[in-house]
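J.: My questions all concern the structure below.
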Amino acid sequence: MLDADAVVRALHAAFTHDVGRTALLQLAATRIRAAGPPYTGVYLYMVRGDELVLEAFDGRPTEHTNIPVGAGICGRAVAEQRDLNVPDVHQADGYLACSIETKSELVALVRRHDEILGQIDIDSDVPAGFDTTEEAAVRTVADALAALL
Ligand code: SME
C-alpha cells in the first residue's frame, strides 16, 4: 500500500535540501512505484504548451515521451481537466499502449489553482488495480508536488 504521507515528507525534505524540479519528480515516481502492485509503472508528464512531456518515470520505459493534449488517456485527463481511473485500458478510447502487460491506468492531475502543471500517470498490470484509497493516496502526492514545483 502507498504511504502517501511518507512520500510527501520525503518530497518536502528533498525540497528543503534544494534539489531541482527533475529530482522531485523522480523522487515521486520512485517512491510511488516502490509501494509495489498495483503501482507497476509511474510516469510524470508535465504540460508544455499543447503537449505533455515525460520528465521522470520509474518502471518500464515508454515510447510515449510526448503526448498531445487530448490524445490517449493522459492527454484526455488534461483536456477534460479531471483525474481518470481506467479499470480496463483496452476499453478506453484512444488508449496509447506502453506495455502489452498493462491492464489498468490511473491519472492524477498536478494542479495549482486553475493551472494544470502536469500529471502522475500510473500503469498497472493488475486489472482494475486502483480503488478510491489509491486514488486518494496518489492525489495527496500530486497536491504536494503542485505546491513544490
Ligand atoms: N497509456 C497512456 C500513455 C502513457 S504510457 O502508458 C506510460 C495513454 O493512453 O495516454
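The values are calculated or read from the model by the stated rules, or taken from the named source; none is laboratory data. Keep in mind that this is a model prediction, so the values were computed, not measured. Neighbour counts run over all protein chains shown; Cβ positions are idealised from the backbone, glycine included.
J.: Filter the range 35-74 for residues that are without any contact (Cβ under 8 Å) to a residue 60 or more places away in the chain and under 22 Å from Ala6 (Cα atoms); which is surrounded by the most Cβ atoms within 10 Å (Cβ to Cβ)?
T.: Among those residues, the one meeting the criterion is Phe57.
J.: Still on this structure: Every residue in the range 64-90 that is more than 10 Å from the ligand (Cβ to nearest atom) and closer than 22 Å to Pro38 by Cα, please.
T.: Once the filter is applied, which keeps residues that are more than 10 Å from the ligand (Cβ to nearest atom) and closer than 22 Å to Pro38 by Cα, the range 64-90 yields Arg82, Asp83, Asn85, Pro87, Asp88, His90.
J.: Determine which single condition Cys98 fails, assuming it passes every other condition in (1) closer than 18 Å to Val141 by Cβ; (2) at pLDDT below 95; (3) within 14 Å of the ligand (Cβ to nearest atom).
T.: That leaves (1) as the condition not met.
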